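One structure below.
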Amino acid sequence: MIIATAGLTKRFGRVTAVDGVDLRVPEGVRFGLLGPNGSGKTTTVRMLLGLVHATSGSIEVFGEAMPRRAANVLPHVGALVEGPAAWGHLSGRANLRLLDAAGRGGRLRDRRRRVEDVLEQVGLGGVDRRPVRAYSLGMRQRLGIAAALLRGPRLLLLDEPTNGLDPRGIQEMRSLLTELNEAGTTVVLSSHLLSEVEALCTQVGIMDSGRLVLDSPLDALRTPTGRILLTTPDPASALGLLDGRVLSRVGNELVVRGDDAAELNARLVAGGVRVSGLGAERRTLEQVVLELTGPGADRVDGRPPPADDPTGPIPIPGGER
Amino acid sequence: MIGVELRLMLRRRRVWLCWILLCALPTLVAILLAATRLTPPPGSGGAFLSAVVTNGQIFPAAALALVLPVFLPITVAIVSGEAIAGEATAGTLRYLLVRPVGRLRLLTAKLISVAVYVLLAVLLVTVVSYVVGVLAFGFGPDASLGGGGGIPSLSGATLTPVDVVVRTGVTVGYLALCMLALGAIGLFFSTLTDSPLAATLGVLAVVVASAALTPLDAASAIQPYLPTTHWLAWIDLYRDPILWDSVHRGLLVEGGYVVVAFGAAWANFATKDVTS
Amino acid sequence: MVGAMGGPPRFSRRWVLVAAGSAALLGAGPAGGLLPVGADLPAEDLRARVLAGHPPFTGLARSTGRLGLPEIPQLQSTTALLTGTTTIRSYRAGPDRWRVDELTPAGERDTYHRDGVEYVWDFGANQLTTVSGSTPVRLPRPADLDPPELARRLVGLTRSDPVSTIPGRRVAGIGASGFRVTPGDPDTTVARIDVWLDPDSGLPLRVEVAGRTDPGLPVLFTEFQEVSLTAPDDRTLTPALPPGAGSVTADAADLAGALRQLDAPDPPARLAGRDLVPLGDATLPGVGLYGSGVAGFALVPASRGIADRVIEGAAIAGGVAVEVPVGRAVRVSSPLITVVARGGIRRGGRLLVGTVAPAVLEQAVRELPARGRP
């Protein structure tokens, strides 16, 4: 395990920000920590980095206790916490050089090269001498990721890494992270953007009001729903053929009960119905998250939220926590 | 980290602005005095100011007395209040800590950079005002009479140039320590809050409160422990023979402030949750 | 593992450490009080040692007056000595070779005494004044306030009053032995004079004076901050005239000349039941000293302008009007010193100052003849 926490709890005064979190991140995964705003993601990341001290519980990173062994652990961790930050009066290059010089280790001789390398990696290789103050949001984000990569970390802890990037930038960042991950770096990113986690991560943790409500491989979450989506130019014939199994129809698209798309296809083709699209419906991550989490902390309701669905959430294989 | 901190400080425009303003005030006073020859009557006005017109070499002492009560503390409050809170506001604090830079190491580097700032500030004021003083008022009557170019002490006896250099050196060191004590308090305040402005105002509140208590007889019991009480002790270095008593006391008290304030900063910062 | 788990949180240990360190630093000052004080010695012996004179020394003393005297025009420099804190640095090689500096925040006034001539260096005025001659009566000055000098003067005035031993204390790093003089005269305002001196050298280190209105609270005290028994070197005792500074000469007898201008009558031979004390050869016209010991007062003529200004100033500062046969008079009392001023008469301005009960001075001002010359 790269990260293992047990009963991790943080209270700020009377507010419990993180409540008994047992997070386990295996080596080599791309882990996505999802949750609405205020669910305790950032506080958890800060505790992993030793910035915030836990009220109770324990943290191990690389098998060493944090924050006691921070001096051993942190040199191998690259982090982006709640957005990038830099000394605004200096250039990006100067920022990275100073940041590199601030920590122990990292020989002076190859500092220049290392800084150029990471700037190249994040697509800032040709950046000029203007101060960071004049950078765009996207450039700052790239610089923040460059800073996280500076010492060739074993673990990348990234909080909202694609903030402020344009779609092309997001794509670049995604392939950079995948590349690094394939080279052996464990990537943990926290985000409230489902699409981002869905597109990048192999494992997902979901936090809600301080608790970790799910920790599962992404594939295990996306179970078939027992419905098949069918697109056909002959919806009327299909309706007739599949009498009773069609749950709904919108234009040429039908939702059919059942979980074997191959069987359905064979049946339709045999019945002379042309099929232009067919597939088992899988649950989206969005559905999973909405089922598991309450309203975000930024929503303030006048009345208490309606009671939970009496049928309860759909059981999730692999999510038994 | 110390090197990084110094490089960061020296590349801040605000720091240079502080230094320039500190040197500008004495220069302005010198120009006005030279132009009008209207010195304040003896006993009123700033220390040494009435003697400056006759001998430009006293001007560094007068300049230090000019910037000491308000100007210098304000700039020290700004620079030291910024130390941790400024990094917190900019967000760079969390990146330094996960670099990782040990918290004690970070505080030490900050204290050293404040020390370098105050030392350079006092030194710059001294050097600039010496040049300005000599340009505006000359070397004093002694030089024209073929004397050694010394300056008169408060006690009347003339100090030789070597004497002047030694005493000025001790003065610079002493004032730097006084200001460093303030800087250490600022560093402590800076760990209490994420707002540099709040830390700066806190330091100024300490200065104002201390200055308000100093002349009060009812506060005589705590006066020896107030930081501002000792700020003028360096004037005793210009007496002949030198009166070390108050300078010694000042060194102990101001040194004590540095130790206690830095200790408090460490105690608070070592386990502080960095949430900025 | 997180340090906060089990046991007290770690930050408290750090704060305890810092608090202990600050307490130790703060305690380092007052802890001097734990060092040994001087032994209790027979009071008569101690008094005899003060009267026998003191060895040469160099020291820094701080004198504090809490007389609460209102500002009296023309006498500000004197009232400042009695109502505030004065820092003085003394170098005394002998009774006729000394230098005393009054240290102000950004300057100093140094008085040098060499072979009967006095030199005053004033940094603020950038001027050295040479004063020749002396007068039998003069205003108090900072040089009178260093502990050996004040002790010698006060103990000399109270030779016949009873003394007692008081607990020793530590002054300027020396364990000092103390004795107390309790003046017997019922009319004096002085309740006690306490002197602490170095039992080895006999050098007085601290003097305290308390008034009868509140004998527990010293209203005038002076104490060495730092003292050494090394004699000052000759260079230190030689006044220096820096280039560019002014040099003037003054004669102490000028004061007599100024007084003569007032054309004041000779002082009465008796006032308020006290005899006029003869002032030796160099008489000051119109000036008289009455009474003995610490129950004495001085009569000084003043111009009408000065007397009127004193009366106006005193009235603002809480003075009490005194019924007089002619003119008007006002009394200002402090725990130690009483001042009565009379004015409102041509050539009849008078000041009465002394360490006596207010009633004595009020009686004295009523007994004064109304006119300049009868």
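Each value in this text was obtained by applying a stated rule to the coordinates, not by laboratory testing. Computed from a predicted structure; not experimentally measured. Backbone-built Cβ (ideal geometry, glycine too); neighbour counts: all protein chains shown.
Seen from A:Pro84, the other residues with C-beta closer than 12 Å to its C-beta sum to a net charge of 0, counting Lys and Arg as +1 and Asp and Glu as -1. Spin-label model, C:Ala80 to C:Trp15: label points 7 Å out along the Cα-to-beta-carbon direction sit 4.7 nm apart. Largest first, the extents of the alpha carbon coordinates of the protein assembly as shown on the three principal axes equal 153, 65, 54 Å. Annotation: the antiparallel percentage among DSSP beta bridges lying fully within the range A:103-257 is about 75. Within 12 Å, Cβ to Cβ, of B:Arg167, how many net charges do the neighbouring residues add up to if Lys/Arg are +1 and Asp/Glu are -1? Once positives and negatives cancel, what remains is -2. Neighbour counting of Cβ atoms within 10 Å sorts the residues A:Met173, A:Met47, fewest neighbours leading, into A:Met173, A:Met47. The charge dipole of the range A:3-219, taken about its Cα centre with unit charges on the Cβ atoms of Lys, Arg (+1), Asp and Glu (-1) only, comes to about 1140 debye. Considering only beta bridges that DSSP places wholly inside chain A, some 65 percent are antiparallel.
A Förster distance of 30 Å, applied to the separation of the beta-carbon atoms of A:Arg113 and B:Trp16, puts the FRET efficiency at 0.40.
Size estimate for chain B follows the Kirkwood approach: the inverse of mean 1/r over distinct Cα pairs works out to 19.7 Å. Determine by what factor the alpha-carbon radius of gyration of the range A:168-301 differs from 2.2 N^0.38 Å, reporting the quotient. Rg over 2.2 N^0.38 Å, computed on Cα atoms: 1.39.
With all projection directions averaged, the alpha carbon convex hull of chain A covers 21.2 nm².
Net charge of the neighbourhood of C:Ser303, taken over other residues with C-beta under 15 Å away and scored Lys/Arg +1, Asp/Glu -1, is +4. Note that chain C carries a Kirkwood radius of 23.1 Å, evaluated over its alpha carbons pair by pair. As a proxy for reagent exposure, ranking B:Tyr238, C:Tyr112 by other Cβ atoms within 10 Å from fewest up yields C:Tyr112, B:Tyr238.
With axes computed from alpha carbons, what is the tilt in degrees of helix C:147-157 against the longest principal axis of chain C, rounded to the nearest 10 within 0 to 90? Compared with the principal axis, the helix lies near 40 degrees. Magnitude of the Cβ-charge dipole of the protein assembly as shown, K/R +1 and D/E -1, about the Cα centre, nearest 20 debye? Charge dipole, the protein assembly as shown, about its Cα centre: 800 debye, nearest 20. Computed on the range B:100-257, with alpha-carbon pairs under 8 angstrom and 6+ residues apart, the relative contact order is 23 percent. Projecting the Cα positions of C:Val322, C:Pro36, C:Phe179 onto the charge dipole of chain C (unit charges on Cβ atoms of Lys, Arg, Asp and Glu, taken about the Cα centre) puts C:Val322 furthest along the positive direction. Between the listed residues A:Ala54, A:Leu143, C:Gly21, the Cα displaced farthest toward the positive end of the dipole of the protein assembly as shown, a dipole computed from Cβ unit charges relative to the Cα centre, is found at A:Leu143.
The long axis of helix B:13-36 is offset from the longest Cα principal axis of chain B by roughly 20 degrees.
Between C:Arg212 and A:Ala262, the modelled label-to-label distance comes to 12.4 nm, taking each label 7 Å out from Cα in the direction of the beta carbon.
Antiparallel beta bridges, as assigned by DSSP with both residues in the protein assembly as shown, represent about 85 percent of the total such bridges.
Rounded to the nearest 20 Debye, what is the dipole magnitude of the range C:15-158 about its Cα centre when Lys and Arg each give +1 and Asp and Glu each give -1 at the C-beta?
80
Cα-based values for the range A:224-282, radius of gyration first and Dmax second, are 9.8, 27 Å.
Of all aspartates and glutamates in the structure, the ones whose alpha carbon falls short of 15 Å from that of B:Lys272, not counting any fewer than 8 places away in one chain, are B:Glu87, B:Asp194. Exposure proxy shown here: for C:Ile311, B:Ile185, the number of other Cβ atoms within 10 Å sets the order, fewest to most, as C:Ile311, B:Ile185. The 3J(HN,Hα) values that the Karplus relation (6.51, -1.76, 1.60; θ = phi - 60°) gives for the range C:51-60 are, in residue order, 5, 6, x, 10, x, x, 7, 10, x, 10 Hz. Gly and Pro appear as x. Of the residues A:Ile206, C:Gly53, B:Ile151, the one whose Cα sits farthest toward the positive end of the charge dipole of the protein assembly as shown, with +1 on the Cβ of Lys and Arg and -1 on the Cβ of Asp and Glu, is A:Ile206.
Build a GNM of chain B with springs between Cα atoms under 10 Å apart, and of B:Leu123, B:Leu159, B:Leu182 the one that fluctuates most is B:Leu159. Counted over all Cα-Cα pairs of the range A:155-228, pairs farther apart than 13 Å make up 72 percent.
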